[in-house]
Amino acid sequence: MDKKVCVITGGGQGIGRALSRHFAANGVRVVIAEMNAQNASRVAAEIAQDGGEALAIETDVTDPASVRNLFAKVRESYGRVDILINNARWSGLAPTPVQDISDEDWRRAMDVNVTGAFHCVREAAPMMTSAGWGRIIIMSSATIRQPPARPYVHYITSKAALVGMTRALARELGEFGITVNAILPGSIETGVERPSPVTSDVRARRAKEAQAIPRVIRSEDLAGAAFFLASDAAAFITGQSLAVDGGFSYG
C-alpha cells in the first residue's frame, strides 16, 4: 500500500478523519476531499506532523464541477488514483415521519449520499481502469439490515441505494482489476454533531444490550476494515457488504 493514492470524501471529520489518519499512517498518500476546507486542512496538517502525506481539496460531492476539479487536481499532483472511499454523507438529517419529510430533505439525502458517490466513481473509474487496478469502498449503514428504531426513511433509503450501487459497480468494473465493496457501520460515535434524539448514554446502553461486543463503535473501528478491503489481501473480494456493528447483525 506504500505510496498508493487514496481519495477520501468527507475526510476532514468523524469517520473520514479516522480513515485519513489510518491510511496515511500506513504509507498511503491521502487526498482529503471535504466541503469544510478548514477541517480538511487541519487533518492534512495532523498527518504531515505525524510524517505522512496528505492533500486537502475543498470539494462539494453534489456538484459535478467540484468533483471534476478534485480529480483534475489529483491527476495533476499524483497522476493516478488507486483507492476511492465514498464516505461523505449529509449529517443534518433528523429522524422524521415520512409524511413530514420535505422535498428538500429528501433531495439532499439522495444528492449527498447517493449522487455524490456516483459523481466520484464516474471520475475515478477511468483512471483505475487504465491502470488495471483499483479499490472502491462505499460507506453505507448497518441500519439497512436492522429494524429501524426511528422514522428515518430518507436516510435508510439512501444508504440502501449505495449497496445496490456497490453490486452493480463490482460486476461492471471487476474485469479491469477493480474491486467495489461497501462497509455498513453500526450506531457510532463520530464526534460530529447531528440532529438525533439518541444521546451517547443511550447509544452505549443499546450497544451493551444488543451487540455481541458491548461497547459503542468508534470511527477508528472502521479504519482496519477499510484498509483491508483496499489492500491486495482483499483482491478477490468484491460486491460485498461488510457490517462493522459489533455483532448487532449477522450474515
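Report, in debye and to the nearest 20, how large the dipole of the chain comes out about its Cα centre when Lys and Arg carry +1 and Asp and Glu carry -1 on their Cβ.
Rounded to the nearest 20 debye, it is 400 debye.
Please state the equivalent ellipsoid semi-axes for the chain: what are the square roots of 5 times the Cα gyration tensor eigenvalues, largest first, in whole Å?
27, 19, 19
Could you tell me the relative contact order of the chain? Use alpha-carbon pairs under 8 Å, at least six residues apart, and round to a whole percent. Mind dumping the intermediate values first?
Details: 494 pairs, mean separation 47.5, N = 251.
The value is 19 percent.
Which net charge results when you count Lys and Arg as +1 and Asp and Glu as -1 among the other residues whose beta-carbon is under 13 Å from that of residue 1?
Result for the neighbourhood of residue 1: 0.
How large is the convex hull of the C-alpha atoms of the stretch 19-134 per residue, in Å³?
It comes to 115 Å³ per residue, whole-number rounded.
List the relative contact order of the stretch 1-48 as a percent without decimals, with contacts defined as Cα pairs under 8 Å and 6+ residues apart.
Relative contact order of the stretch 1-48: 43 percent.
Just from its helices, what would the mean residue ellipticity at 222 nm be for the chain, if runs of 4 or more DSSP H residues each count -39500 (n - 2.57) and the sum is divided by every residue, rounded to the nearest 500 deg cm²/dmol?
Per the formula, -13500 deg cm²/dmol.
Compute the signed sum of charges (Lys and Arg +1, Asp and Glu -1) over the other residues within less than 15 Å, Cβ to Cβ, of residue 68.
-2
So which residue, out of 150, 167, 108, gets the largest mean-square fluctuation from a GNM of the chain using Cα contacts under 10 Å as springs?
Among 150, 167, 108, the largest mean-square fluctuation in the Gaussian network model of the chain belongs to 150.
Every number here is computed from the coordinates shown, using simple stated rules; none is lab data. For clarity, every value in this text was computed on a predicted model and none was experimentally measured. Glycine gets a Cβ as well: all are built from the backbone with ideal geometry, and neighbour counts include every protein chain shown.
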